[in-house]
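Student: Sharing a structure, written as structure tokens. Questions coming.
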Amino acid sequence: MVALWAVAAAGFVAEASAPFTPQLLSPPPYYPRDEATLAQGRTLFAQLCAGCHVLDRDGLGSPLGGVTRVLTQVELLRHTHNPVAVIKSGNRRANALFRRYQVAMPSFDFLPEEQLVGILAPIESETENFKLTPFAVDLTPPIEKRSG
Ligand code: HEC
């Protein structure tokens, strides 16, 4: 118990300066891996997401490489369908990102779940192929207000 807390605390302090070590190293089983779906997902990503996100660099939004290893598919679907709701729910990671990028991502609630999973599939595939590490969000500043 004590040891666990110590590890967690050390992780938080280290995050701002040191690279963040992903917790889920193995590919999640729930993403399609066939070429047709990956190609379709890449096209949709280019149309809908690439204006703000690339996988390995900062843009208007955070780098998305490795995100499939720190957030579950359910969390990723929720975030993409309604980012403001996730931020308002007090989610620490979403609030840290919101503070950093100073803007909330638009809602993609019109996207059928299947297409969204298709967009996430190449992100996971690129993460695996290029061993991309998830973006280290600095979670340390306190959340100013609680809402929702
Ligand atoms: C207009 C810019 C913009 C577009 C377009 C956009 N995003 Fe974002 N995205 C952001 C910003 C800014 C954040 C961080 C703040 C937030 O979550 O609202 C973010 C955060 C995220 C996160 C959370 C990342 C993490 O590390 O926890 C995911 C996942 C995400 N976006 C996926 C997508 C996907 C998938 C698309 C395309 C369907 C997309 N975004 C389109 C700006 C954008």
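Every number in this text was worked out from the coordinates using simple rules, so none of it is lab data. Fair warning: this is a prediction, and the values are worked out from it, not measured in the lab. Heads up, the Cβs are rebuilt from the backbone with ideal geometry, glycines too, and the neighbour counts pull from every protein chain shown.
Student: Cβ under 10 Å from Glu124's Cβ, Glu124 left aside: what net charge do those residues give with Lys, Arg +1 and Asp, Glu -1?
Tutor: 0
Student: Still on this model: Show me 63-72, 99-108, 122-131 ranked by packing, highest mean number of other Cβ atoms within 10 Å first.
Tutor: Descending mean neighbour count gives 63-72, 122-131, 99-108.
Student: Something else about it: Which whole-angstrom value gives the distance between the alpha carbon centres of region 25-39 and region 95-127?
Tutor: 16 Å
Student: Here's a follow-up. Could you work out the pair-distance distribution P(r) of region 37-130 from its alpha-carbon pairs, with 10 angstrom bin width and percents rounded to whole numbers?
Tutor: 16, 55, 28, 1
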